[in-house]
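Undergrad: Have a look at the structure that comes next, please.
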Amino acid sequence: MLSWGLQMKELKILAVVIFFTAVVYFGVEPFAHSQMHPHVAPADFAFKDLGATEKKGDAAKGAETFLSAGCIGCHGVAAANMPAPMDNASASATFGVVPPDLSSAGAIYDKNFLAALIKEPTKALKVEHKFNETRPHPMIQFFGLGGDLDQEVADIVAYLQSIAPASIDDKKVFADACQRCHDMKYDKLMSTTDKTALMAYMGTTPPDLSVMIRSRGNEYLTTFINNPQKQLAGTSMPRVGLTEKAQNQVVAYMDKVGDRKKAERESLGYKLIAYMLVFTLLAYAWKVKIWKQVH
Amino acid sequence: MAEIRKATGFIDWLDQRLAVNKFIKVMMTEYWIPKNINFLWAMGVVLMVLFMVLIVSGIFLLMYYKPDIKLAFDSVNYTIMQEVEYGWLWRHMHGVAASVIFLVIYIHMFTGIYYGSYKKGRELIWLTGMALFGMFSAEAFSGYMLPWGQMSYWAAQVITNLFGGIPVIGEALVVWIRGDFLVADATLTRFFMLHVLLLPLVILLLIAVHFYSLRVPHVNNQEAEELDFDAEAKKYLDGKKVESKVVPFWPVFLSKDFFVVGVALTVFFYLVCFHYDFAMDPINFDPANNMKTPAHIYPEWYFLWSYEVLRGFFFDIGGIAAMDIGLAAFGFANVIFMVFPFLDRNTDHVAPAHKRPAFFIWFWVLLVDMIVLTVYGKLPPTGANAWVGFGATIVFITLFIVLPIITKMEAKCCHGGCK
């Protein structure tokens, strides 16, 4: 049997090895990454910079305002039996990006964000660095029908909320919010906008999001989707204005597609560790038995 | 020819033809290891186990991987990670083992330095070990390219570019290595060949030589005591097992190693399943894009110290470009460990570092300096960081300049040794 002193010596050496390994690990992982990717403020799902309206919307009035405002000139609303005026190819060529169907907009986008978007798209989307008077944004600003602008906008938002489904699955939220520009190749979703048009519109081809969950991780995606400029100043990706719930659904879907084997990995992990612990204990017992003869 | 008689059993039948009994004695039951050792002496076996993990997992990955820049990324991240049953497990094991094996290599190296296991007859153990380190580095670098992610591409771009700094032939050499003017399909395919064929072959050969080089000078021990292995072995065989200062490789030495391997693999599988980002950089899950340079390009953690030596000289000195000085320093860093046994001028005596006062300080300064280099090798080289990197580089170079001096003094002042 090993003497107590010898065992202490081994433990001391082990402590030295662990200490220096831990210092290296801390330095090259958490510390280095904190230096390379400075922490940003948490996601703001109230979109405080856009302000909130006091007006209470009326969905019935909103339905009329919605039609009179000409929204369906570009947008489809399948939920209200209003098909998109153009097919995806023509819409891509005309606008650069396919305008979204608004069936679920009232549910997945924040209401303050929607109101701000209708009034001033480039500001809400945070793409003022890309679009200006010489290069107007394809979504035309709503100047109102002559009444109280804020009231009219609130009515439109109330209308969109009234037609939106109560619950939407994760994949559908992703499709409605992201798929106009992004592919999700590993789940066989391709951008609805034509790639050439998209390249011209965005200045770059928006990345496939199949394993983005592995390359960016939950924390980054949460702040990035909420406000892309915060993580990647100057990016042409607009702020999409998802509610906290909808954004969590998008991230959950990305996690499901990009890290499909997570559950298997974690459950197998415990088994592998348990197996190795048993192996280690048996090996230790055997070692003690063998070394008893030589000490 | 040996006399062949009717075999008494299968083992005897084999023994008459292959001398298996003798072979097992030589390799296992009468291969003598000093008794006075600690768990650091198990690192060789841990390395062997990790290398086996790499080979086995590599074979499985090889069945699905496609060495083509159009297919590589998806073959790894979709086919292997998502479609193939437990493909993710083999990939995580491969990636994590590749990273962890370097940690164990460094521990193994520093153990050798600390206990003086590189000199007085053990030079070839050190040299073959360093050759293995070089080959493992090439293996790691070529393997990192294969998933064809952003860091695969950009690290390949930066590292192959370094050869351009070699005078006269540099530019042509870069094109020759890449097989193209840029890192491209030809580069991926040839690094694939290196990774799965040529380098593993060389590594296997070197491991055999490394093991063999241990046989004559024998394994060192904690006090660097010179043992008469024949006499000690005789004691052991005569039944004086407690008195004998040696133990056989099997089962005594390996029984301890199995325990250490068990601990190491427990940690390993924790890392494989729950904590793998350090070994599988998230940025490499972005497909390679030659139009989009990542904000930070850095090698894997085990190359960071030499990478920082390369970056350390960030300003021109006396009309020589910073880049050229950096390259020279980088070259220095990569060969200096190779000649380590010849820099220690106290050639007649072997002792652990705690019995060599000056060397003891030298050892810990080296360790701390290499850790500083490693950490600053990853940090953005701006502002104060650049100066820390520069200082640590100077310390690193100075350490190897003073090593022959302090060891020579040690040999003189202590009448040959400091025991």
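Only the coordinates and a few stated rules stand behind these numbers; no lab work does. None of these values were measured; they are calculated from a predicted model. Quick reminder, even Gly has a Cβ in these numbers, built from the backbone with ideal geometry, and neighbours come from all protein chains shown.
Undergrad: Mind checking which lysines have their C-alpha under 29 Å from residue A:289, skipping anything on the same chain fewer than 8 residues away?
TA: A:9, A:12, A:271, B:22, B:25, B:35, B:234, B:235, B:240, B:241, B:245, B:256
Undergrad: Here's another thing I want to ask about it. Taking only DSSP H segments of four or more residues, each worth -39500 (n - 2.57), what value at 222 nm results for the protein assembly as shown once the sum is divided by all its residues, to the nearest 500 deg cm²/dmol? Mind dumping the intermediate values first?
TA: Numbers: 30 runs with 404 residues, N = 714.
My calculation for the protein assembly as shown gives -18000 deg cm²/dmol from helical runs alone.
Undergrad: Classify segment A:54-154: rounded, prolate or oblate, from the alpha-carbon gyration tensor (a ≥ b ≥ c, eigenvalue square roots; a/c under 1.5 rounded; otherwise prolate if a/b is larger than b/c)? Kindly include the intermediate steps, with their values, before the conclusion.
TA: Details: a/c = 1.73, a/b = 1.16, b/c = 1.49.
Taking the square roots of the gyration eigenvalues as a ≥ b ≥ c, segment A:54-154 is oblate.
Undergrad: In addition: Filter the GluC sites (Glu not before Pro) in segment A:1-69 down to the DSSP loop ones having no more than 13 other Cβ atoms within 10 Å, then list what survives.
TA: Details: sites: A:10, A:54, A:64; in loops: A:54.
Loop-located and lightly packed - A:54.
Undergrad: Right, another one. For the protein assembly as shown, what is Rg from Cα atoms divided by 2.2 N^0.38 Å, rounded to two decimals?
TA: Working: Rg = 32.3 Å, N = 714, 2.2 N^0.38 = 26.7 Å.
This ratio for the protein assembly as shown stands at 1.21.
Undergrad: Set the Förster distance to 41 Å, then compute FRET efficiency between residue A:123 and residue B:367 from the Cβ-Cβ distance, nearest 0.05. Could you put the intermediate results ahead of the total?
TA: Values: r = 56 Å, r/R0 = 1.35.
Efficiency, from the Cβ-Cβ distance: 0.15.
Undergrad: I've got another one for you. Would you mind getting the Kirkwood hydrodynamic radius of segment B:219-361 from its Cα pairs, rounded to one decimal in Å?
TA: Values: mean 1/r = 0.0471 Å⁻¹.
Result for segment B:219-361 stands at 21.2 Å.
Undergrad: Scan chain B and hand back the longest stretch that contains none of the chymotrypsin sites (Phe, Trp or Tyr not before Pro) lying in DSSP loops with at most 12 other Cβ atoms within 10 Å. Could you put the intermediate results ahead of the total?
TA: Details: sites that count: B:181, B:315.
For chymotrypsin sites (Phe, Trp or Tyr not before Pro) (loop position, at most 12 other Cβ atoms within 10 Å), the longest site-free span of chain B is B:1-180.
Undergrad: Another one. Please give the Cα centre distance for segment B:318-387 versus segment A:57-81, rounded to the nearest Å.
TA: 71
Undergrad: Moving on to the next point. With a point put 7 Å past each Cα toward its Cβ, work out how far residue A:230 is from residue B:267 in nm, to one decimal.
TA: Between residue A:230 and residue B:267, the label points sit 3.7 nm apart.
Undergrad: Between residue A:140 and residue A:185, 0.36 nm times their residue separation minus their Cα-Cα distance comes to what? Let's see the in-between values first.
TA: On the way: separation 45, 0.36 × 45 = 16.20 nm, distance 3.17 nm.
Gain in length upon complete extension: 13.0 nm.
Undergrad: What number in nm² do you get for segment A:1-56 if you take the convex hull of its Cα atoms and divide its surface by four? Can you show the working numbers first?
TA: Details: hull surface 33.8 nm².
Directional mean of the projected Cα hull area for segment A:1-56 stands at 8.5 nm².
Undergrad: Rounded, prolate or oblate, given the Cα gyration tensor of segment B:259-322, with a/c below 1.5 counting as rounded?
TA: Working: a/c = 5.60, a/b = 1.71, b/c = 3.28.
Cα axes put segment B:259-322 in the oblate bin.
Undergrad: Moving to a separate point now. Which lysines, on any chain, are close to residue A:172 with Cα under 17 Å apart, when same-chain ones fewer than 8 places away are left out?
TA: Of all the lysines, those that pass the test against residue A:172 - Cα under 17 Å, at least 8 places apart if same chain - are A:185, A:188, A:245, A:256.
Undergrad: How many percent of the alpha carbon pairs in segment B:280-419 exceed a separation of 23 Å?
TA: On the way: 4522 of 9730 pairs.
The proportion of pairs with Cα distances above 23 Å equals 46 percent.
Undergrad: Still on this model: From the convex hull of the Cα coordinates of chain A, what is the mean projected area in square nanometres? Walk me through the numbers on the way to the answer.
TA: On the way: hull surface 85.8 nm².
If you wrap the Cα atoms of chain A in a convex hull and average its projections, you get 21.4 nm².
Undergrad: Let me test this: with uniform point scatterers at the alpha carbons of chain B, what is the Debye-based log₁₀ I(q)/I(0) at q = 0.08, 0.11 1/Å?
TA: Once normalised to I(0) and log-transformed, intensities are -0.54, -0.97.
Undergrad: Give me the dipole magnitude in Debye, nearest 20, for the protein assembly as shown about the Cα centre, with unit charges on the beta carbon: positive for Lys and Arg, negative for Asp and Glu. It would help to have the intermediate numbers written out before the result.
TA: Values: 62 positive and 63 negative charges, 487 e Å.
With Lys and Arg at +1 and Asp and Glu at -1, about 2340 debye.
Undergrad: I've got another one for you. Run the simple label-point estimate for residue A:36 and residue A:9 please: 7 Å along Cα→C-beta, distance reported in nm.
TA: 4.2
Undergrad: Within segment B:1-70, which trypsin sites (Lys or Arg not before Pro) sit in a loop by DSSP and count at most 12 neighbouring Cβ atoms inside 10 Å? List each step's numbers first, then the result.
TA: Values: sites: B:5, B:6, B:17, B:22, B:25, B:35, B:70; in loops: B:5, B:6, B:35, B:70.
Here the trypsin sites (Lys or Arg not before Pro) that fit, given the DSSP loop and packing criteria, are B:5, B:6, B:70.
Undergrad: Quick one: longest stretch of chain A between exposed loop trypsin sites (Lys or Arg not before Pro), exposed meaning at most 12 other C-beta atoms within 10 Å and loop per DSSP? Please report the intermediate quantities before stating the final value.
TA: On the way: sites that count: A:56, A:188.
My reading of the result: A:57-187 is the longest stretch.
Undergrad: With r as the distance between the Cβ atoms of residue A:162 and residue A:244 and R0 = 22 Å, compute the FRET efficiency 1/(1 + (r/R0)^6) and round to 0.05.
TA: Details: r = 21 Å, r/R0 = 0.96.
For residue A:244 and residue A:162, the calculated efficiency is 0.55.
Undergrad: Extension gain residue B:290-residue B:277, at 0.36 nm per residue separation less the Cα-Cα distance, in nm? Walk me through the numbers before you get to the answer.
TA: Numbers: separation 13, 0.36 × 13 = 4.68 nm, distance 2.35 nm.
Fully extending the segment from residue B:290 to residue B:277 adds 2.3 nm.
Undergrad: List the aspartates and glutamates whose Cα sits under 16 Å from the Cα of residue A:292, skipping any in the same chain fewer than 8 residues away.
TA: Cα-Cα hits under 16 Å: B:243, B:257.
Undergrad: So which GluC sites (Glu not before Pro) in segment B:7-87 pass both tests, a DSSP loop state and at most 16 other Cβ atoms within 10 Å of the Cβ?
TA: Details: sites: B:30, B:83, B:85; in loops: B:30, B:85.
Here the sparse-neighbourhood loop sites are B:30, B:85.
Undergrad: What shape does segment A:1-131 take by its C-alpha gyration tensor, where a ≥ b ≥ c are the square roots of the eigenvalues and a/c under 1.5 counts as rounded, a/b above b/c as prolate, and the rest as oblate? Walk me through the numbers before you get to the answer.
TA: Details: a/c = 3.62, a/b = 3.21, b/c = 1.13.
The shape class here is prolate.
Undergrad: Could you list the square roots of 5 times each eigenvalue of the Cα gyration tensor of segment A:211-293, that is, the equivalent ellipsoid semi-axes, sorted largest first and rounded to whole Å?
TA: Numbers: eigenvalues 451, 40, 15 Å².
In descending order the semi-axes read 47, 14, 9 Å.
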